[in-house]
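Worksheet: the structure to be examined is printed underneath.
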Amino acid sequence: MDERLAIYDEKMQKSINNLNEEFGGIRAGRANPHVLDKLRVDYYGTPTPIQQVANVSVPEPRMIQIQPWEASMVKEIEKAILTSDLGINPTNDGKLIRLVFPELTEERRKELAKDVKKKGENAKVAIRNIRRDGNDALKKLAKSDDISEDEIKDLEDAMQKLTDKYIAVVDKAIEEKSKEILTV
C-alpha cells in the first residue's frame with residue numbers, strides 16, 4: 001500500500017475498532033462483562049473502571065457477578081450501575097453484586113437491532129469522511145507536487161477500494177450483531 005494512504009487506512013481501522021467497542025456494550029440477552037466497560041466508580045476520589053476495583057465474572061449465561069476487592073466498594077459499584085443506562089437492578093449480599101439479565105422482549109430486540117444499524121451507519125459516515133479528507137489531500141498534492149494525473153487517479157482509486165473494504169467490514173459487523181440480538 002502507498003504510504004500516502006497508510007494513515008487513512010489506519011484511521012478507518014480505528015473507526016472499525018470503535019464500532020466493535022460500541023457493539024460490545026450492547027447487551028444481546030446474555031451476560032457480557034463488556035457492558036460494564038464504560039462505567040466508572042469513585043475509588044478514593046478517582047473515577048475508575050469497575051474491572052480495576054473488582055473481579056468481574058459470568059457464572060451463568062445470564063448473570064454477571066462483581067466481587068469488589070474492598071468491601072467498601074460494594075455500595076459505590078452498586079451506585080454506578082444504578083445511575084448508568086444499563087437498565088438492570090443490581091442485587092448485593094454485602095460482599096458481591098449480581099446482575100441478572102432478563103430475557104429480552106421481541107420489541108426490545110428490534111430496538112437494539114435499530115441501534116446497531118444506527119451505530120453502523122455512523123461508522124460508515126466516519127469512514128466516508130476519512131475518504132473525503134484523503135481525496136482533499138490528494139487534490140492538494142496534485143497542485144503542489146510534480147506528480148502525474150495518472151498517479152493521482154491511481155491513488156484516488158486505491159482510496160475508494162480502501163473505503164469499500166471498510167464499508168463491507170461495517171456491513172458484516174452490523175449483520176452479525178443484528179443476528180446475535182434477534183436470535184432468541
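Structure values in brief
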item: In sequence order, calculated HN-Hα J values of the stretch 70-82 (Karplus, 6.51, -1.76, 1.60; Hz; x Gly/Pro); result: 10, 4, 5, 7, 3, 5, 4, 5, 4, 4, 4, 5, 5
item: DSSP-assigned coil residues among chymotrypsin sites (Phe, Trp or Tyr not before Pro) in the stretch 8-101, each with at most 13 further Cβ atoms within 10 Å; result: Tyr44, Trp69
item: 3J(HN,Hα) from dihedral phi, the stretch 89-94, Karplus parametrisation 6.51/-1.76/1.60, rounded to Hz, x for glycine, proline; result: 8, x, 10, 9, 10, x
item: Placed amide H near Tyr43: partners under 5 Å, 5+ positions off or other chain; result: Thr48
item: Cα gyration tensor shape for the stretch 21-120, rounded if a/c is under 1.5, else prolate or oblate; result: prolate
item: Heavy-atom accessible surface of the chain: percent carbon and sulfur, 1.4 Å; result: 50
item: Ala54 long-range amide H proximity, modeled H, under 5 Å; result: Trp69
item: Whether the stretch 1-47 is rounded, prolate or oblate, judged on the alpha carbon gyration tensor where a/c under 1.5 counts as rounded; result: oblate
item: Under Karplus coefficients 6.51, -1.76 and 1.60, residue-wise ³J(HN,Hα) of the stretch 9-20 in Hz, glycine/proline x; result: 4, 5, 5, 5, 4, 5, 4, 5, 4, 4, 4, 4
item: Global form of the stretch 61-160, assessed from the alpha-carbon gyration tensor, a/c cut-off 1.5; result: prolate
item: Computed over the chain: relative contact order in percent, which uses C-alpha pairs under 8 Å that are six or more apart; result: 24
item: Where the chain is the region considered: accessible area per residue in Å², 1.4 Å probe; result: 61
item: Gap separating the Cα centres of the stretch 85-106 and the stretch 49-72, nearest whole Å; result: 12
item: Which labelled figure in (1) 71, 41, 23; (2) 54, 40, 23; (3) 70, 44, 32 is Cα extents along the principal axes in Å, once derived from the coordinates; result: (1)
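The values are calculated or read from the model by the stated rules, or taken from the named source; none is laboratory data. Computed from a predicted model, the values in this text were never measured in an experiment. So basically every Cβ, Gly included, is an ideal-geometry build from the backbone, and we count neighbours across all protein chains shown. Just the protein is used for accessible areas: all its heavy atoms, side chains included, with ligands, DNA and RNA removed. Shrake-Rupley method; radii C 1.70, N 1.55, O 1.52, S 1.80 Å.
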